[in-house]
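The values are calculated or read from the model by the stated rules, or taken from the named source; none is laboratory data. This structure is a prediction, so every number in the text was calculated from the model and none was measured. So basically every Cβ, Gly included, is an ideal-geometry build from the backbone, and we count neighbours across all protein chains shown.
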Amino acid sequence: VANNANTTATGQNAQATGNNATASGAGAKATGKDSTATGTNAQATGTQSTASGQGAVANNANTTATGQNAQATGNNATASGAGAKATGKDSTATGTNAQATGTQSTASGQGAVANNANTTATGQNAQATGNNATASGAGAKATGKDSTATGTNAQATGTQSTASGQGAVANNANTTATGQNAQATGNNATASGAGAKATGKDSTATGTNAQATGTQSTASGQGAVASGNDSTATGQNAQATADGATASGADSQATAQNASAFGQSTRAVGDNATTMGYRAYVAGKDSTALGANTEVTHNSSVALGSRSITTRDNEVSIGSLNAPRLLANVKDGVLDTDAVNVRQLNKVSGQLGQRINALTQIMERNSLEHRAAIAGANAAIGLPQVYLPGKSMMAVAFGTHKGQNAIAVGYSASSDNGKLVFKLQGNANTQKDLSGSVGLGYQW
């Protein structure tokens, strides 16, 4: 049947009824103005529509359906491929069983599905189902609003999420997963690198197999782990496993609350501990180790310099028992608790030496005087005394004691009856000291 101006119908039961319509094939129908239906049972019913292929249907204005059972039913829609369906306005479906059902949607690839407004699905069985979603790659799925999934089996299911890489998963709002099997599952999380996982809220994992599982945690480096809230691990296999912990350097570990480890293989395992340097180690609470191979196992202590080791709590060590160090350029202490330097010690030593010397001189002088006094006493003892009644005697005697000498001069007198004796003596020693005595005795 060709029953309108400039129409052509070719084939058994073919119908061309629209102006300038062309129907070619058994049962083909071209009923729209300027429409073309080609193939068995093909239908072109919309204005300027084209249906090409067995059972193809183009039933809206400016639609094109190409392939067996292809359907282009939305305004300006295009379906290309066996079983392809473009039902949304301005939609395009390309590939066997591809479906573009949303307004301005595009599905390209076998079984690809773009079923929401402004969606794009590219690749075998790719699915873009969220508003403005884009899925690219075999089995890729972008189901969240404004989401993007790129790569084989990549999944972006959260609002404004992005998954890029084979098996990458971004399944929460504002998440980004980049790399093979990368996973960003916490709100606002970012995972970048093969096998990277960012599962904590506002977390970031960067590097192969990096893991950021704590809230606002950051893991950067191959195998880095940040599992504490507000923790940061930077470097290959770095680990920050407690809240507020920071580990920076290959194989570094910060495993206690608010601990910080900086340097390769350094470890901070005490609360509020800080290590800096290759293989530095702090197990004490509120302690710090600075320098390669330093070790602090005590609380509130500090080790400074390579291989320095603490021995007790509340200590600052700048060396070890077998490797002591000199502390140089120390300013003069002022307060009672300040450190002193050698200059101050020398000054004190000099002052003390002067006082000791003065005291020694005094002691030596006293010793000489004591010896001289004893020599004087010896001389006085050696003086003879009058013994006859009514007689007088002048006497002289010498005394000595430990190198000191003395001379004594004496006078004695006896009463006529011999009962009263008077005695007077004086002595001088080698220390120029003068001594004397006087005595009166009565005998009966």
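All of (1) in a strand (DSSP E or B); (2) modelled with pLDDT under 95; (3) of a type in the set (G, A, S) hold for A413 with one exception: (2). Scan the stretch 381-396 and tell me whether some residue there is touching a residue at least 12 places away in the same chain (Cβ under 8 Å), surrounded by 11 or more Cβ atoms within 10 Å (Cβ to Cβ) and polar (S, T, N, Q). Yes; the residues of the stretch 381-396 include at least one that is touching a residue at least 12 places away in the same chain (Cβ under 8 Å), surrounded by 11 or more Cβ atoms within 10 Å (Cβ to Cβ) and polar (S, T, N, Q). Say whether the condition of being touching a strand residue (DSSP E or B) at 6+ places or on another chain (Cβ under 8 Å), more than 30 Å from N131 (Cβ to Cβ), crowded, with 23+ Cβ neighbours inside 10 Å and modelled with pLDDT of 95 or more is met by at least one residue in the stretch 62-78. No, the stretch 62-78 contains no residue that is touching a strand residue (DSSP E or B) at 6+ places or on another chain (Cβ under 8 Å), more than 30 Å from N131 (Cβ to Cβ), crowded, with 23+ Cβ neighbours inside 10 Å and modelled with pLDDT of 95 or more. For the stretch 186-199, the criterion of a residue being assigned to a strand (DSSP E or B) and among the charged types (D, E, K, R) is satisfied by at least one position.
Scanning the stretch 204-245 for residues that are surrounded by fewer than 24 Cβ atoms within 10 Å (Cβ to Cβ) and hydroxyl-bearing (S, T, Y) returns T206, T208, T213, T215, S220, S227, T234, T241. If the condition is being surrounded by fewer than 24 Cβ atoms within 10 Å (Cβ to Cβ), among the polar types (S, T, N, Q) and assigned to a strand (DSSP E or B), then the stretch 264-283 contributes only T274.
For the stretch 239-263, which residues satisfy the criterion of being polar (S, T, N, Q) and either part of a loop (DSSP other than H, G, I, E, B) or in contact (Cβ under 8 Å) with a residue 60 or more places away in the chain (or both)? Walk me through it before giving the result.
Within the stretch 239-263, the subset polar (S, T, N, Q) is 239, 241, 246, 248, 252-253, 255, 257-258, 260.
Correct list: T241, S252, T255, Q257, N258.
Can you confirm whether A5 is surrounded by fewer than 19 Cβ atoms within 10 Å (Cβ to Cβ), modelled with pLDDT under 95, out of contact with any strand residue (DSSP E or B) (no Cβ under 7 Å at 6 or more places or on another chain) and farther than 26 Å from S91 by Cα?
On the way: surrounded by fewer than 19 Cβ atoms within 10 Å (Cβ to Cβ): yes; modelled with pLDDT under 95: yes; out of contact with any strand residue (DSSP E or B) (no Cβ under 7 Å at 6 or more places or on another chain): yes; farther than 26 Å from S91 by Cα: yes.
The answer is yes for A5.
Criterion first (charged (D, E, K, R) and farther than 30 Å from E315 by Cα) does R365 satisfy it? Here the answer is yes, as R365 does meet what is asked.
Yes or no, residue by residue, for (1) within 24 Å of S80 (Cα to Cα); (2) not in a strand (DSSP E or B):
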{"residue": "N116", "(1), (2)": "yes, yes"}
{"residue": "D146", "(1), (2)": "no, yes"}
{"residue": "A149", "(1), (2)": "yes, no"}
{"residue": "T152", "(1), (2)": "yes, yes"}
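Within the stretch 407-444, restricting attention to residues that are touching a Phe, Trp or Tyr at 6+ places or on another chain (Cβ under 7 Å) and closer than 11 Å to A380 by Cα, the residue that is surrounded by the most Cβ atoms within 10 Å (Cβ to Cβ) is I407. Within the stretch 1-28, no residue that is farther than 10 Å from G39 by Cα sits with its Cβ atom under 9 Å from a residue that is part of a strand (DSSP E or B) and among the aromatic types (F, W, Y) at 6+ positions apart or across chains.
Contact annotation: residue pairs with Cβ atoms under 6 Å, 6 or more positions apart or on different chains, pairing a residue in the stretch 166-193 that is more than 17 Å from T213 (Cβ to Cβ) with a partner that is of a type in the set (V, I, T), are Q166/T152; A173/T159.
The conditions of being within 30 Å of G39 (Cα to Cα) and touching a Gly at 6+ places or on another chain (Cβ under 7 Å) are met by G102.
Considering the stretch 307-343, the residues that are of a type in the set (D, E) and free of Cβ contacts under 8 Å to residues at least 12 places away in the same chain include one that is farthest from G270 (Cα to Cα), namely D336.
If the condition is being within 30 Å of Q443 (Cβ to Cβ) and either loosely packed, with under 10 Cβ neighbours inside 10 Å or small (G, A, S) (or both), then the stretch 352-374 contributes only A373.
Sort out which residues of the stretch 118-144 are out of contact with any Gly (no Cβ under 9 Å at 6 or more places or on another chain) and assigned to a loop (DSSP other than H, G, I, E, B), and write them in order of number.
N132
Scanning the stretch 96-114 for residues that are crowded, with 21+ Cβ neighbours inside 10 Å, over 13 Å from A72 (Cα atoms) and over 46 Å from the mean Cα position of the chain (by Cα) gives S108, G109.
Taking S161, is it closer than 12 Å to G144 by Cβ and either in contact with a strand residue (DSSP E or B) (Cβ under 6 Å, 6 or more places away or on another chain) or surrounded by fewer than 24 Cβ atoms within 10 Å (Cβ to Cβ) (or both)?
Working: closer than 12 Å to G144 by Cβ: yes; either in contact with a strand residue (DSSP E or B) (Cβ under 6 Å, 6 or more places away or on another chain) or surrounded by fewer than 24 Cβ atoms within 10 Å (Cβ to Cβ) (or both): yes.
Criteria met by S161.
Tell me yes or no: at least one residue of the stretch 71-82 is part of a loop (DSSP other than H, G, I, E, B), within 21 Å of A9 (Cβ to Cβ) and of a type in the set (A, V, I, L, M, F, W, C). No; the residues of the stretch 71-82 include none that is part of a loop (DSSP other than H, G, I, E, B), within 21 Å of A9 (Cβ to Cβ) and of a type in the set (A, V, I, L, M, F, W, C).
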